[in-house]
Amino acid sequence: MNASSESARANRLAIEGGTPVRTAPLPWELPGAHWIGEEERELVDRVVKAQSPFRFYGPDPQHMVETLEKEWRERFGHRHALAVSSGTAALSIALSALQVGPGDEVLIAGYMWVSCVSAIVRCGAIPRLVDIDATFCMDPDDLEAKINPRSRVILLVHMSGAPGHVRRIAEIAKKHGLGLIEDCAQAAGASQDGTPVGRFGDIATFSFQLNKNMTSGDGGMIVSDDDELFRRIVALHDLGYARNAAGRLDTSDESCQLWGMGARMSDLAGAMALAQSRKLSQITGAMRQAKWKIREALSDIPDLTFRTVADPAGDSGPFMITTFSDAETCTRFVEALRAEGIRGPEGSLSCLTMREWGLHWYFNIPSLTNKRSNSRDGFPWTHPANAFASEISYDRGNLPVCDDLHDRSALLTIASKLTGDDVDDIILAHRKVANGLFNR
Ligand SMILES: Cc1ncc(COP(=O)(O)O)c(C=O)c1O
């Protein structure tokens with residue numbers, strides 16, 4: 001092959017028979033998992049050796065969960081922090097701490113995760129969908145338009161690693177006397193203008209599931225600055241009651257006799273989460289640096305629009321979202337990128353159209369669109385206090401911006417251990433595909 005035909009082959013898109021930019025898969029997403037090492041093993045070992053995996057009592061408790069909570073408070077400036085078994089449980093506990101139930105509406109953006117609507121419905125309340133904007137988080141103008149006398153709480157989800165209009169939404173919550181829960185499951189370690197996520201609302205929740213910025217396999221955290229709310233949070237996450245100094249249940253406080261959710265974190269998970277939490281800023285720093293290097297290198301491509309991130313310095317970095325002129329271009333771009341080798345190992349979800357992002361979009365959640373119930377009586381949809389819900393539809397078509405961005409956006413996960421070569425390949429592949437598809 002002569003030099004010019006070689007260069008023609010290198011420029012030809014791999015999807016059209018050209019040479020791919022790379023053949024080795026990119027690393028798995030799963031930010032925290034790449035950093036699991038000796039520190040986690042050492043702390044887990046201590047719990048195993050002490051034969052004491054329960055946080056509240058045992059032969060020789062190692063206080064891993066307690067230390068995790070203490071360090072979390074100090075790191076992010078919260079008055080209270082409680083580790084729990086999952087981000088989903090954390091949401092249920094937060095809503096019940098605010099006494100949300102039948103007759104109440106909880107405002108939630110249409111781009112979120114199934115756990116958010118699941119927590120709302122299980123506590124007997126009704127989700128009220130709010131549209132998103134170019135931040136891929138809740139649109140404050142649509143929020144104001146959706147607020148009505150039944151609104152009780154705003155569940156603000158910091159999607160895909162970074163917050164949107166969090167300050168404006170906190171102001172709206174205050175103005176209307178609504179509770180504000182921040183779901184920080186996808187954004188641990190993120191901030192806006194120096195304020196960490198979780199510091200804007202009444203309660204904030206985190207997840208330590210495997211595909212989160214830090215992980216203990218499963219796990220989560222709830223934070224609040226409010227003493228009374230936190231007393232309820234502690235009882236709700238356990239068996240409905242406080243515990244005494246010996247770690248035994250204490251039913252004597254008549255003001256705190258609730259129904260617990262059995263969502264304690266074990267000291268084994270606590271050991272993992274503690275070791276990971278000490279690495280969180282390194283993990284998010286690595287993703288942020290790689291992501292913004294890629295975004296900056298591609299900023300001159302006019303047909304590629306990036307998600308708006310108000311404060312790039314506070315982005316925790318695990319996802320890069322791009323938007324195209326239409327759905328067909330988006331699909332062709334993503335398929336061409338994958339053919340260039342911009343994909344993870346088998347089974348990973350690393351280079352996708354938003355149409356492949358399942359239960360993150362309201363109309364993809366069948367239990368929501370079909371108003372399913374966990375009980376035979378159809379609760380909460382059939383509860384008399386929720387009669388208004390019969391007029392609410394959750395089908396596609398209710399949130400125009402969500403529907404539009406879902407169709408023509410794509411998502412690339414930014415692994416926390418990308419090498420310089422990986423980053424260069426991602427940039428090169430995007431430029432090559434943009435050149436091949438847009439400059440014909
Ligand atoms: C926005 C959001 N909220 C809540 C959760 C639930 O967390 P978990 O899987 O720990 O229950 C997730 C996890 O995927 C999430 O992405």
task = Just tell me which lysines come within less than 23 Å, Cα to Cα, of K432; anything on the same chain fewer than 8 places away is out.
result = K291, K293
inquiry  = Using the crude model of +1 on Lys and Arg Cβ and -1 on Asp and Glu Cβ, and no other charge, please compute the dipole size for the stretch 38-279 relative to its Cα centre, in debye to 20.
reply    = 180
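With +1 assigned to the C-beta of every Lys and Arg and -1 to the C-beta of every Asp and Glu, and no other charges, what is the dipole magnitude of the stretch 316-388 about the Cα centre in debye, to the nearest 20? Numbers along the way, then the final one.
Values: 7 positive and 7 negative charges, 63 e Å.
So the dipole magnitude of the stretch 316-388 works out to roughly 300 debye.
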note = Output for the chain (equivalent-ellipsoid semi-axes, sqrt of 5λ from the C-alpha gyration tensor, Å, descending) is 40, 28, 17
task = Using a Gaussian network model of the chain whose springs link C-alpha atoms within less than 10 Å, name the residue from A385, A188, A119 with the highest mean-square fluctuation.
result = A385
task = Using only the Cα atoms, work out Rg/Rh for the stretch 330-387, with Rh taken as the Kirkwood radius, to two decimals.
result = 1.28
inquiry  = Going by amide H atoms built from the backbone, whose H comes under 5 Å of the H on V157, apart from near neighbours?
reply    = A109, M138, D183
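Does the stretch 135-254 come out rounded, prolate or oblate, given a ≥ b ≥ c as the square roots of the eigenvalues of its C-alpha gyration tensor, rounded meaning a/c under 1.5 and, failing that, prolate meaning a/b above b/c?
It comes out oblate by the Cα gyration axes.
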inquiry  = Taking a cut-off of 22 Å, what percent of all Cα-Cα pairs in the stretch 38-279 are separated by more than that?
reply    = 51
query = Rounded if a/c is under 1.5, else prolate if a/b is larger than b/c, else oblate: which is the stretch 1-137, with a ≥ b ≥ c the root eigenvalues of its Cα gyration tensor?
reply = oblate
query = So how tilted is helix 267-277 from the main axis of the chain? Cα-based, degrees 0 to 90, rounded to 10.
reply = 50
remark   = Interchain or sequence-distant (5+) residues whose placed amide H lies within less than 5 Å of the amide H of A242 are D250
note = For the chain, percent of DSSP beta bridges that are antiparallel (nearest 5) comes out at 60
Inter-probe distance in nm under a simple model that places probes 7 Å from Cα toward Cβ, at E38 and N398 = 5.3
message = Quick check: pseudo-label points 7 Å beyond the Cα along Cα→Cβ at D311 and L428, how many nm apart are they?
response = 3.7
remark   = Honestly the stretch 304-366 on the Cα gyration tensor test (a ≥ b ≥ c root eigenvalues; a/c under 1.5 rounded, otherwise a/b vs b/c for prolate or oblate) is just rounded
key: Lysine-lysine proximity count for the stretch 38-279, Cα under 19 Å, sequence distance 8 or more or distinct chains   = 4
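Readers should treat all values here as calculations from the given coordinates under stated rules, not as data from a laboratory. Nothing here was measured: the structure is a model prediction, and the numbers come from that model. Cβ: placed from backbone, ideal geometry, glycine included. Neighbour counts: every protein chain shown.
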